[in-house]
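Comments concern the structure below.
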């Protein structure tokens, strides 16, 4: 309180004296858990719009599209083998099968004429052998082309190629067995006929194994 002389007593409430406020710490970096929104940088903003890549790490399930693409594939092993078998059958038409004989095209023509006379006539004259080899080779060539079509399985085509290969091999082995397995009369055409059955069998087994 102020006395009458105008002085202020130290004990009065009007006299505070010089006061000092407590020091205020400067704002420091925000720590985790302080509350409030966290600052978002430019990298985080741009990362939101980036497409998420497929997880191709080992042990992870592949993407459905990748599985479908991997399941549908051409057979690059059986296809060339079957094509070669078909080409061997075509080459046999241009050359003689035995020394001193006629080209394979004439043999096939004779077999077709015998077939017009009767279904069993080629078996009596022996002309069924070139017909069987060349016909089987044609089937093998078509199947070989189909092997390049991407599909889930080539099992049916492999089975068809197996049947055609066995028929072609029969058309070569039966006359060879009747000749006491003597290959000395064979010319280029007969070796091409043997290649039809051999290459076709390898291609058919490859198609069945990889399916």
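So for the range 85-208, averaging the separation of alpha carbon pairs under 8 Å that are six or more residues apart and normalising by length, what relative contact order in percent results?
Rounded, it is 38 percent for the range 85-208.
What's the percent breakdown of Cα-Cα distances in the range 82-210 across 5 Å bins, shortest bin first?
2, 12, 21, 22, 18, 12, 7, 4, 1, 0
Once the piece of chain linking residue 106 and residue 145 is laid out straight, how much longer is it, given 0.36 nm per residue of separation minus the C-alpha distance between them?
Once the chain is fully extended between residue 106 and residue 145, it gains 11.3 nm.
Rule-based calculations on the coordinates, nothing more; no lab input. The model shown is predicted, which means the values in this text are computed figures rather than measured ones.
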